[in-house]
Amino acid sequence: MLDSDTDDSLWLRRFQPTPRATTRLLCLPHAGGSASTYVRLARSLAPEVEVLAVQYPGRQDRRCEPCADSVEALADALFTAVRHRIDASTALFGHSMGAVLAFELARRLERDADIRCTRLFASGRRAPARFRDDSGPATSDAAMLAELRSLGGTDLRVLQDEELVTAALPALRADYRAISRYRAAEDAAIDCPITVLVGDADPRTSLDDAHAWSGHTTVQAEVLTFPGGHFFLDANHDAVVDAVTSRLREDRATCADPA
């Protein structure tokens with residue numbers, strides 16, 4: 001059974017009680033996203049898996065806090081805040097910007113805390129060393145909103161609500177700026193397996209980009225393809241839950257019987 005301490009600080013949200021969970025999944029949202037992105041996943045994985053969703057500064061109940069200006073700075077702050085929550089029973093799941101943030105968190109956990117996560121689920125993001133100029137949407141609010149409409153990850157009713165858009169723009173600007181500046185070395189790697197999830201029509205992540213994650217782990221990597229674009233998770237929810245559950249069970253069995 002996992003530690004049931006309920007003091008999750010400003011950074012973590014637990015949406016579903018899971019007192020008997022033996023595996024923990026730390027979930028990191030996409031650019032402009034919030035912890036509530038993972039409410040449905042938390043309910044679907046309970047009671048076997050405890051989902052802790054990360055709430056970045058600068059949004060929702062943390063909207064008065066300054067946003068991080070780089071992926072590295074956000075990873076540093078997150079590491080400091082959550083390292084006490086992560087142990088050998090913890091896996092990481094990140095979508096889009098959250099995928100590279102999860103990768104950077106895993107690197108810091110291994111390097112600075114000698115903690116190896118059971119697995120990294122990298123969703124909807126090309127491999128860390130695959131650079132592409134993503135600065136276009138960050139050049140103006142109009143460009144960012146146009147990008148969100150084209151990717152389909154935001155309810156159009158939200159984008160048509162001027163008050164909601166105004167409230168969301170500061171976090172969006174910061175996240176887009178941070179991810180457009182992100183660079184990772186070709187040899188940057190972690191010591192846990194990586195499962196890459198990608199939509200077969202994602203304009204942001206090609207299958208080649210997805211397979212390139214294999215260069216960022218010292219063990220094995222795999223790519224799982226789903227129908228859809230950049231935000232394929234909702235439409236394929238059940239299949240994603242099955243994929244995550246099966247791999248977490250395999251990892252748990254391996255830990256229990258390493259031979």
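The values are calculated or read from the model by the stated rules, or taken from the named source; none is laboratory data. The structure presented is a predicted model; accordingly, all values stated were derived computationally and were not measured. Glycine also receives a Cβ, built like all others from the backbone with ideal geometry; neighbour counts cover every protein chain displayed.
Go through the residues of the stretch 74-83 one by one and say whether even a single one is hydroxyl-bearing (Ser, Thr, Tyr), touching a Lys or Arg at 6+ places or on another chain (Cβ under 7 Å) and either part of a helix (DSSP H, G or I) or under 29 Å from Val241 (Cα atoms) (or both). The answer is no, given that none of the residues of the stretch 74-83 is hydroxyl-bearing (Ser, Thr, Tyr), touching a Lys or Arg at 6+ places or on another chain (Cβ under 7 Å) and either part of a helix (DSSP H, G or I) or under 29 Å from Val241 (Cα atoms) (or both). Would you confirm whether any residue within the stretch 229-239 is within 22 Å of Leu41 (Cβ to Cβ), modelled with pLDDT of 95 or more and of a type in the set (A, V, I, L, M, F, W, C)? Within the stretch 229-239, one or more residues are within 22 Å of Leu41 (Cβ to Cβ), modelled with pLDDT of 95 or more and of a type in the set (A, V, I, L, M, F, W, C). Could we say that Ala253 is among the small types (Gly, Ala, Ser), at pLDDT below 95 and in a helix (DSSP H, G or I) here? Taking the combined requirement at face value, the residue satisfies it. Restricting attention to the stretch 175-217, the residues that are among the aromatic types (Phe, Trp, Tyr) and touching a strand residue (DSSP E or B) at 6+ places or on another chain (Cβ under 8 Å) total 1.
For the stretch 39-63, filtering for residues that are surrounded by 14 or more Cβ atoms within 10 Å (Cβ to Cβ) and within 20 Å of Arg252 (Cβ to Cβ) leaves 10. Looking only at residues in the stretch 116-138 that are farther than 15 Å from Val196 by Cβ and in a loop (DSSP other than H, G, I, E, B), the one that is modelled with the lowest pLDDT is Ser135. Scanning the stretch 30-48 for residues that are assigned to a helix (DSSP H, G or I) and over 30 Å from Val165 (Cβ atoms) yields a single hit, Leu45.
Regarding Thr90, is this residue buried (at least 20 other Cβ atoms within 10 Å of the Cβ), touching a residue at least 24 places away in the same chain (Cβ under 8 Å) and over 22 Å from Arg125 (Cα atoms)? So Thr90 fails the test. In the set Ala88, Ala113, only one residue is aliphatic (A, V, I, L, M), modelled with pLDDT under 95 and farther than 12 Å from Leu28 by Cα; that residue is Ala88.
From the set of residues in the stretch 224-255 that are β-branched (Val, Ile, Thr) and over 16 Å from Ser96 (Cβ atoms), which is nearest to the chain's Cα centre (by Cα)? The residue in question is Val244. The residues in the stretch 141-161 that are at pLDDT 65 or above, over 22 Å from the mean Cα position of the chain (by Cα) and either within 22 Å of Ala235 (Cα to Cα) or not hydrophobic (A, V, I, L, M, F, W, C) (or both) can be counted, and the count is 2.
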